[in-house]
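Down below is the structure, laid out as structure tokens.
The values are calculated or read from the model by the stated rules, or taken from the named source; none is laboratory data. Every value quoted in this text rests on a predicted model; they were computed, and no experiment measured them. Here the Cβ positions follow ideal geometry from the backbone for every residue, glycine too, while neighbour counts run over all protein chains shown. Calculation scope for accessible area: heavy atoms of the full protein, side chains included, ligands and nucleic acids excluded. Shrake-Rupley method; radii C 1.70, N 1.55, O 1.52, S 1.80 Å.
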Amino acid sequence: MESIAKLAAKSAVVIFSKSSCCMCHAIKRLFYEQGVSPMIYELDEVSNGKEMERALKRLGCNPIVPAVFIGGSFVGSASDVMTLHINGSLKKMLKDAGALWL
């Protein structure tokens with residue numbers, strides 16, 4: 001879990017994803033459309049992906065992907081991010097984390 005925390009702190013927005021996951025694709029697109037360039041870790045394309053999946057599961061990620069971190073803090077999965085987007089909280093979180101300047 002320590003490696004997840006270190007990776008999550010490297011960028012304002014970090015997404016742990018799988019390249020074949022449609023919800024992951026939707027969440028990445030949402031951030032791109034907001035003008036945010038997240039750091040993305042495709043767990044099915046990195047050598048320690050299975051280990052990272054286990055760490056995310058221990059962290060409480062359910063489903064495991066997409067797992068979104070903003071400002072180094074775990075925000076949640078696709079449904080959590082969409083809820084924040086719909087209620088207007090996501091943009092403020094992105095601004096506070098330095099991912100958006102507008």
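Rounded, prolate or oblate: which fits the chain when a ≥ b ≥ c are the square roots of the eigenvalues of the alpha-carbon gyration tensor, with rounded for a/c under 1.5 and prolate only if a/b beats b/c?
prolate
For the stretch 4-56, which semi-axes, largest first and in whole Å, follow from the square roots of 5 times the eigenvalues of its Cα gyration tensor?
Ellipsoid half-lengths, sorted descending, are 19, 14, 7 Å.
Given Cα pairs under 8 Å that are at least 6 residues apart, what percent is the relative contact order of the chain? Working shown, then result.
Values: 154 pairs, mean separation 34.1, N = 102.
Relative CO of the chain lands at 33 percent.
Please give the solvent-accessible surface of Ser11 in Å², to the nearest 10, using a probe radius of 1.4 Å with every protein chain present.
Its heavy atoms expose roughly 30 Å² to the probe.
Which of the lysines could be linked to Lys92 by a straight reach, that is with a Cα gap under 24 Å, when you skip same-chain ones fewer than 8 residues away?
Candidates past the 8-residue exclusion: Lys6, Lys10, Lys28.
Counting Lys and Arg as +1 and Asp and Glu as -1, each charge on the Cβ, what is the dipole of the stretch 12-59 about the Cα centre in debye, to the nearest 20?
Magnitude of the dipole: close to 180 debye.
Taking 0.36 nm per residue of sequence separation and subtracting the Cα-Cα distance, how much length would be gained by fully extending the chain between His85 and Arg29, in nm to one decimal?
Full-extension gain reported as 18.9 nm.
Using a Gaussian network model of the chain with C-alpha springs under 10 Å, which one of Lys50, Lys28, Lys91 is most mobile by mean-square fluctuation?
Of the options given, Lys50 has the highest mean-square fluctuation.
Among all cysteines in the chain, which have no other cysteine Cβ under 4.7 Å from their own Cβ?
Cys22, Cys61
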